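Taking it in order: structure first as structure tokens, then the write-up.
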Amino acid sequence: MQEIQIHTKVFAYDNTSDPDFKYESLLRDAKSALSKSFSPYSGFRVSSAALLGNGEVVTGANQENASYPLCLCAEMVTVSAVSSRYPGQPIVALAITVEHSGKKLETPVSPCGACRQTILEFENRQGSPMRIILQGDGGPIYELESARALLPLSFDGDSL
Ligand code: THU
């Protein structure tokens, strides 16, 4: 038997004014996009902003449906919009934020499993790392060096 340890490196910043934090503007764009969320059922607004290789920023937010399983996560909306509007452009960084109508979320909320798989597929396709920036409703900011860090032991197309 052999024990394999998998480590995830997370850079944690107390706030956006930390001089080492480079994505203040992208995070601001993600927060502005919270207004695009349609989430009357959960009251949980999620939005994300993708910084592309060409400098463009594409944002998206979660879109819910009275038939709950049809809900679209913010990350999927954003990544799909990037593929449609700027095919072939890499996502250099993806900032994700949340806001809850019922409570203040002061720790960063991470993407769900399905979104991790979607983001990782995009990263694998572009062949370069995508920084992931997470912040709740204020509070600390987490930064990961790549989507791969979000999903260790991932499934990918090489197995097919
Ligand atoms: N949601 C996202 O937009 N992204 C995630 O990674 C997790 C969940 C949305 C889906 C639904 O509209 C609401 O959050 C509550 O699950």
With an 8 Å cut-off on Cα pairs and a minimum separation of 6 or more residues, tell me the relative contact order of region 22-156 in percent.
21
If you look for lysine pairs in the chain that are eight or more places apart or on different chains, how many of them have Cα atoms under 22 Å apart?
6
What dipole magnitude, in Debye to the nearest 20, does region 10-147 give about its Cα centre under +1 on Lys/Arg Cβ and -1 on Asp/Glu Cβ?
360
Among Ala50, Pro108, Tyr86 the positive-end extreme of the charge dipole of region 10-147 (Cβ point charges)
Tyr86
What is the percent of Cα-Cα separations in the chain that go past 19 Å?
54
How much length, in nm to one decimal, is gained on full extension between Asp18 and Ser42, taken as 0.36 nm per residue of separation minus their Cα-Cα distance?
5.4 nm
Going by how many other beta carbons lie within 10 Å of each one, how would you line up Lys9, Lys22, Lys36, fewest first?
Lys9, Lys22, Lys36
Where both partners of a DSSP beta bridge lie in region 10-147, what percent of those bridges are antiparallel, to the nearest 5?
80
Per DSSP H run of n ≥ 4, the term is -39500 (n - 2.57); total these for the chain, divide by its residue number, and report the mean residue ellipticity at 222 nm rounded to 500 deg cm²/dmol.
-6500 deg cm²/dmol
How large is ³J(HN,Hα) for each residue in region 18-31, as worked out from phi by the Karplus curve 6.51 cos²θ - 1.76 cosθ + 1.60 (θ = phi - 60°), to whole Hz, x for Gly and Pro?
4, x, 7, 7, 9, 10, 4, 5, 5, 5, 4, 4, 4, 5
If Asp156, Asp29 are placed from fewest to most neighbouring beta carbons inside 10 Å, the sequence is Asp156, Asp29
Fewest-first sequence of Val98, Val57, Val10, Val46 by Cβ atoms within 10 Å of each Cβ
Val10, Val57, Val98, Val46
Full-stretch length increase - Ser128, Lys9 - with 0.36 nm per residue and alpha-carbon distance subtracted
41.1 nm
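Only the coordinates and a few stated rules stand behind these numbers; no lab work does. Not measured: the values here are computed from a predicted model. Reconstructed Cβ throughout: ideal geometry from the backbone, glycine too, with neighbour counts over all protein chains shown.
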